[in-house]
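The values are calculated or read from the model by the stated rules, or taken from the named source; none is laboratory data. Predicted model, so just to flag it, every value in this text is computed and none were measured. Cβ sites come from the backbone with ideal geometry, for glycine too, and all protein chains shown count toward neighbours. The protein model used for the area step is the full one, side chains on, heavy atoms only, and it has no ligands, DNA or RNA in it. Shrake-Rupley method; radii C 1.70, N 1.55, O 1.52, S 1.80 Å.
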Amino acid sequence: MALDKQQYKNQQEDMKKRMEGLSVIGQLAAGLAHEIRNPLTAVRGFIQLSAKESESLKQWENIIVAELDRVNQLVNDFLHLAQNRPVAKKEWLVQQVLEDVIILLQTKALLLGHEIQVETLDCKYPIYVDKQQFQQVFINIIQNALDALPKEGGTVKIYCRDDLDHIHICIEDNGQGIPKDKLKQIFEPFYTTKEEGTGLGLPICYRIVKENQGEIQVTSEIGVGTTFTISLPKQRVEEY
Ligand SMILES: Nc1ncnc2c1ncn2[C@@H]1O[C@H](COP(=O)(O)OP(=O)(O)OP(=O)(O)O)[C@@H](O)[C@H]1O
Ligand SMILES: [Mg+2]
């Protein structure tokens, strides 16, 4: 499933073009997103208040509030995508970034009848990243991998490799795979094949990885599975 160098270069250039286009739309949308959040908070408050007085409204309160929260989350995700906020970078070992994420998602995987297999993550070289943002990247990618698995008995493998100057963190699933002609589209905002999906997960991941001088690569085969590889510059141990 390896990509050759030229394919990889083309993939990265295509993604770059798409994200440059997005930043213009993103800037416009960020203003609008801010404006949506304030009235949303007010409506949420009034619904809760009114539900105290009205039995008929009370029965719909949870649904209305949950839907408003969903819109709020969507707006937050979109704002994150559009914002150029400064990142708080520090040196972290891969294991330190991933341990909480894995605990969080392992339980979820088990409940669904799947398995998250953690192979080696003990790379002695640290990466220089914004930990919180990076945890978000891994949650997004591992969650996508879980979503792609068959009904039961799927596996997501997480492992780490390093070469001369990069650390590669791989998330490999044996799920449904992504058709070749969709491999570029998955990084576009709002591209989703899920009923409840926003299609913002991967564009956010892409942006965060880029903010940390990294690259995301994806290889996939229908019916076999998908591997996402996040590559980050290696920090020297002496600096750690
Ligand atoms: N590991 C994977 N296996 C198969 N398809 C994938 C995988 N990861 C992503 N995809 C495809 O890429 C699409 C876009 O993913 P993205 O994370 O951006 O949005 P989403 O998962 O659909 O929505 P959300 O992240 O809001 O739940 C998915 O809908 C799915 O079709
Ligand atoms: Mg997703």
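Of note:
- Accessible surface calculations at 1.4 Å, restricted to protein heavy atoms, place the chain at 58 Å² per residue.
- 222 nm mean residue ellipticity, helices alone, for the chain (DSSP H n ≥ 4; -39,500 (n - 2.57); rounded to 500): -18500 deg cm²/dmol
- Label-point separation in nm, Glu115 to Ile36, each point 7 Å along Cα→Cβ: 4.1
- Restricting the stretch 133-211 to trypsin sites (Lys or Arg not before Pro) that sit in a DSSP loop and have at most 11 other Cβ atoms within 10 Å of their own Cβ leaves Lys151, Lys194.
- Accessible surface of the chain, 1.4 Å probe, proportion on carbon and sulfur as whole %: 54
- For the stretch 144-240, convex hull volume per residue from C-alpha positions, Å³: 116
- Around Leu121: net Lys/Arg minus Asp/Glu count, Cβ-Cβ under 12 Å: -1
- The trypsin sites (Lys or Arg not before Pro) of the stretch 58-145 that DSSP puts in a loop, and whose beta carbon has at most 15 other beta carbons within 10 Å, are Lys124.
- GNM result for the chain, Cα springs below 10 Å: residue of Asn212, Asn140, Asn76 fluctuating most strongly: Asn76
- Selection among Leu93, Ile158, Val218 by position relative to the dipole of the stretch 90-239 gives Val218 as farthest towards the positive end (Cβ unit charges, Cα centre).
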